[in-house]
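Undergrad: Dumping the structure here so I can ask a few things about it.
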Amino acid sequence: MRTARPLLPWVVWGIAALAYAVAVINRSSLSALGPAAQDHFGIDATLLSMFAMIQLIVYAALQIPVGVLLDRFGATSMILGGGLLMVAGQAVMATAPEVSLAILARVLVGAGDACTFISVMRMLPEWFALRQLATVSQLTGLIGQAGQLVSVAPLAALVGAIGWTGGFLGLAACGLLVVLLSALVLRDRPGDGTALERVLGRKGRLSREARSLATPPPTGVAEVSPPSTEMIPVVREPRVRVLGFWSRAQRLLALPGVRLAYWLHFTSPFAVNVFLLLWGTPFLTGGVGLSLPTAGGLLSLTVLSSMTAGLLLGPLSSRFVERRVWIAFGIVVAIMAVWIAVLLWPGTPPLWLLVMLLVVTPIGGPASMISFEVARSHTPRSFAGFGTGLVNTGGFTASLVVILLIGLVLDLQGAGSPESYSMGAFKVAFAVQIPFWLFGLTMILIESRRTKGWMQEHGRSLR
Ligand SMILES: NCCCC[C@H](N)C(=O)NCC(=O)O
């Protein structure tokens, strides 16, 4: 037998990560185009922020259904379906003559985006060895982050140069290109065909001989063919009962390790999401009093910090598997501590403290990737998509609720518009994060104790 190519897992991962980066570009495509969108559709800021909210709600609401479909149809189909939904969404956005169609466009983009990340995460353990998974997951997150950078300046420049319709059609075309690449390259697992091969009904040699990096290389010893089974009576395999949605959910939630992963994801990324998705710039400009360019410069620190942390956390969490929950726990405590220092500082916090805030808060993003490692260790394989989707709802629902609460608390103080923003009002509003951290950290403590007990009871150890 020919030696299978060890490069294929990396090629598959590269295209899957590219598909995720495109999803992030689509997700954040309006982040630098707010004024252009307002101009194009003639809408106010409230309606503009509805675009982001609707997309986030669709994303979070679809995580569990997408997870269920993922277990049924596999990662490649979901990545392709998600990619096509986003292409359709951006094409509608490019040509929509009115705002209701633009909202439909954001729903399509949110739905496509929802299909991508968890499918990529589901594919990784099929191609990589356990010890590589934490690092490859963090690298995937990092590539997604690079997508966020593309969606800011280059997309704004493209739309500036060729106009709204051309810019968004260009984005749709890039998406379509990545869908085609995915159809040619992605395979759910070694031995499976690409989407194209499945349509043609013929599997190429590369697919047939593909091997995961978890499989030891062939020893060179002549392989002996298995004994003939002709004379062995065929014993019918016991029928595997197809579980309904609620039974699957109950089975999953009965596992304390899955609940632990959920609370880790709930607690770690919301502060950075809230800051980057909506309230960071208003806080830095309307609260601290910085100019827009200075606020932008400070915000770019968040990308740098998150990327560095991602590079460090991957190897660290796979080296210290037993301690990975505590690494994430410590990061959340550090984020909460810096925020409390900012909130308690009399008046406007000094620059050094703001820099600390913008360096420490984004580490919650890579820390949240640890929750997917924890989920992987505790979720039965046939539930892996469901489990990943469930865990991924944690951070996004917390982010949504905190974004809304901050707006509400600002409004209640009569400081809900740029003219009335003040540092005092922002401090009170951002304090709504504290109960979320405290609740999440408490749940992590409870579920990690239960997980430990469960593992002892079942004689399991972490892999
Ligand atoms: N390097 C930061 C990665 C953050 C990952 C984030 N918490 C997450 O869960 N992302 C899901 C997604 O769809 O982007």
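The values are calculated or read from the model by the stated rules, or taken from the named source; none is laboratory data. This structure is a prediction, so every number in the text was calculated from the model and none was measured. So basically every Cβ, Gly included, is an ideal-geometry build from the backbone, and we count neighbours across all protein chains shown. Areas reflect the complete protein model, heavy atoms only, side chains present, ligands, DNA and RNA absent. Shrake-Rupley method; radii C 1.70, N 1.55, O 1.52, S 1.80 Å.
Undergrad: In a shell of Cβ-Cβ distance under 11 Å around Gln55, excluding Gln55 itself, what net charge do Lys and Arg (+1) and Asp and Glu (-1) give?
TA: Local charge sum for Gln55: +1.
Undergrad: Would you mind working out the accessible area per residue for the range 252-333, using a 1.4 Å probe, and quoting it in Å²?
TA: 39
Undergrad: Which FRET efficiency, nearest 0.05, do Leu196 and Ala146 yield, Cβ-Cβ r, R0 35 Å?
TA: 0.80
Undergrad: Based solely on its DSSP helices, what 222 nm [θ] is calculated for the chain when runs of n ≥ 4 H residues each add -39,500 (n - 2.57) and the sum is averaged over all residues, nearest 500 deg cm²/dmol?
TA: About -24500 deg cm²/dmol.
Undergrad: In the chain, with Lys and Arg counted as +1 and Asp and Glu as -1 at Cβ, which of these residues, Pro256, Gly314, Gly83, has the Cα nearest the positive end of the dipole, that is, farthest along it?
TA: Positive-most Cα among the choices belongs to Pro256.
Undergrad: Residues with amide H under 5 Å of Arg211's amide H, sequence separation 5 or more or different chain, H placed in the peptide plane at 1.01 Å from N; which?
TA: Amide H to amide H, under 5 Å and 5 or more residues apart or across chains, Arg211 pairs with Arg5.
Undergrad: Right, something else. Please identify the DSSP H helices in the chain that span no less than 27 Å along the helix axis (Cα) and have a mean Kyte-Doolittle hydropathy of 1.6 or more.
TA: The answer, listed by residue number, is 324-344, 384-412.
Undergrad: If you roll a 1.4 Å probe over the range 1-211 with all protein chains in place, what percent of the accessible area is carbon or sulfur?
TA: Reported share for carbon and sulfur atoms: 69 percent.
Undergrad: Once you have the Cα-Cα distance between Trp345 and Ala129, take 0.36 nm times their residue separation minus that, and quote the gain in nm to one decimal.
TA: Contour length minus Cα-Cα distance gives 73.1 nm.
Undergrad: I need the semi-axes of the equivalent ellipsoid of the range 9-152: take the C-alpha gyration tensor, multiply each eigenvalue by 5, square-root it, list largest first in whole angstrom.
TA: For the range 9-152, the ellipsoid semi-axes come out as 30, 16, 12 Å.
Undergrad: Taking the Cα centre of the chain as origin and charging only Cβ (+1 Lys, Arg; -1 Asp, Glu), how large is the dipole, in debye to the nearest 20?
TA: Computed about the Cα centre, the dipole is about 1720 debye.
Undergrad: Top to bottom by accessible area (1.4 Å), largest first, where do Cys115, Cys174 land?
TA: From most accessible down to least: Cys174, Cys115.
Undergrad: A further question follows. Between Arg449 and Ser31, what's the calculated FRET efficiency when r is the beta-carbon distance and R0 is 35 Å? Round to 0.05.
TA: Once the sixth-power term is evaluated, E becomes 0.30.
Undergrad: Near Phe386, within a Cβ-to-Cβ distance under 9 Å, what is the net charge of the other residues, with Lys and Arg +1 and Asp and Glu -1?
TA: 0
Undergrad: Efficiency by 1/(1 + (r/R0)^6): what FRET value for Arg208 and Thr165, r their Cβ-Cβ distance, R0 = 30 Å, to the nearest 0.05?
TA: Efficiency computed from Cβ-Cβ geometry: 0.10.
Undergrad: Give me the net charge for the shell around Ile370: Cβ to Cβ below 11 angstrom, other residues only, Lys and Arg +1, Asp and Glu -1.
TA: Residues near Ile370 contribute +2 overall.
Undergrad: If I model a spin label at Ala173 and Gln456 as a point 7 Å from the Cα along the Cα→Cβ vector, what separation in nanometres do I get?
TA: In this crude spin-label approximation the distance works out to 6.3 nm.
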